[in-house]
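Worksheet: the structure to be examined is printed underneath.
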Amino acid sequence: MPSVPEIFRDAMAGLCSGVAVVTARADDGEPCGLLATSVSSFSATPPSVLASIGHASRCHNALIESEEFGVHVLRADQEALAHVFADPVSEDKFEGIAWGWDESVPELHGALAYLRCRRSALFELYDHSILIGDVVGGRRAAGEPLVYMDRRMDWRVEPRSSA
């Protein structure tokens, strides 16, 4: 009989989610970012997003202490970039990546969508922090999203045929 944590993990693996990189400026002024699949819209009025950030993440403190942060929805062809930001041991995830500063937020160039957010709420529970940010800027490009499901990031969304 599977344990409750095993049942939970298997059930959550069946939920499809977009793949996003969440970024902020660390205390030392350097960019910090992590891969997150627990990102969702929070409210349409005002436009806001919710991100769940694990306490064990090296970027946890930068994200919860920053007044602003970025949410980058990755394109279907950005799986390699997703793995860079998922790597827990990489020292400089921004090395060799196209990015720049959008005011105080590290912005990854080429993402499907980018949202610059101002922190509006923060909740600490269990081993995660729930970060809610009001969207204050951003952009959306053409393309299809990278999708995470069944513990894999290689899912692709196919456009509907026009027939």
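The values are calculated or read from the model by the stated rules, or taken from the named source; none is laboratory data. Model, not experiment: these values are computed from the prediction. Note: ideal-geometry Cβ built from the backbone for every residue, glycine included; neighbour counts use all protein chains shown.
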Checklist entry - Applying the selection to the stretch 88-100, what residues are touching a residue at least 24 places away in the same chain (Cβ under 8 Å) and hydrophobic (A, V, I, L, M, F, W, C)? => result Phe94, Trp99
Item to check | Which numbered condition Leu122 misses (of (1) at pLDDT below 95; (2) under 17 Å from the mean Cα position of the chain (by Cα); (3) on the phi < 0 side of the Ramachandran plot) | outcome: (1)
Checklist outcome for this item: Scanning the stretch 1-40 residue by residue, the ones that are modelled with pLDDT of 95 or more and small (Gly, Ala, Ser) total 5
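Looking only at the stretch 76-87, count how many residues are surrounded by 13 or more Cβ atoms within 10 Å (Cβ to Cβ), outside any loop (DSSP other than H, G, I, E, B) and either in contact with a strand residue (DSSP E or B) (Cβ under 6 Å, 6 or more places away or on another chain) or without any contact (Cβ under 8 Å) to a residue 40 or more places away in the chain (or both). Break it down stepwise before answering.
Initially, the stretch 76-87 is screened for residues surrounded by 13 or more Cβ atoms within 10 Å (Cβ to Cβ), giving 76-79, 81-82, 84-86.
Now restrict to residues that are outside any loop (DSSP other than H, G, I, E, B): 79, 81-82, 84-86.
This time we only want the ones that are either in contact with a strand residue (DSSP E or B) (Cβ under 6 Å, 6 or more places away or on another chain) or without any contact (Cβ under 8 Å) to a residue 40 or more places away in the chain (or both), so: 79, 82, 84-86.
Counting residues in the stretch 76-87 that are surrounded by 13 or more Cβ atoms within 10 Å (Cβ to Cβ), outside any loop (DSSP other than H, G, I, E, B) and either in contact with a strand residue (DSSP E or B) (Cβ under 6 Å, 6 or more places away or on another chain) or without any contact (Cβ under 8 Å) to a residue 40 or more places away in the chain (or both) gives 5.
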Item to check | Single residue of the stretch 91-138 satisfying the filter (among the hydroxyl-bearing types (Ser, Thr, Tyr) and within 17 Å of Thr37 (Cα to Cα)) that is surrounded by the most Cβ atoms within 10 Å (Cβ to Cβ) | outcome: Tyr114
Checklist outcome for this item: When the stretch 37-54 is checked residue by residue, the ones that are surrounded by 16 or more Cβ atoms within 10 Å (Cβ to Cβ), farther than 17 Å from Ser66 by Cα and aliphatic (A, V, I, L, M) are Val39
Checklist entry - In this structure, does Leu34 turn out to be within 13 Å of the chain's Cα centre (by Cα) and closer than 17 Å to Ile130 by Cα? => result yes
Checklist entry - When you look at Ile7, is it touching a Lys or Arg at 6+ places or on another chain (Cβ under 9 Å) and either outside any strand (DSSP E or B) or not hydrophobic (A, V, I, L, M, F, W, C) (or both), yes or no? => result no
Item to check | Ser90 of a type in the set (S, T, N, Q), part of a strand (DSSP E or B) and more than 12 Å from the chain's Cα centre (by Cα) | outcome: no
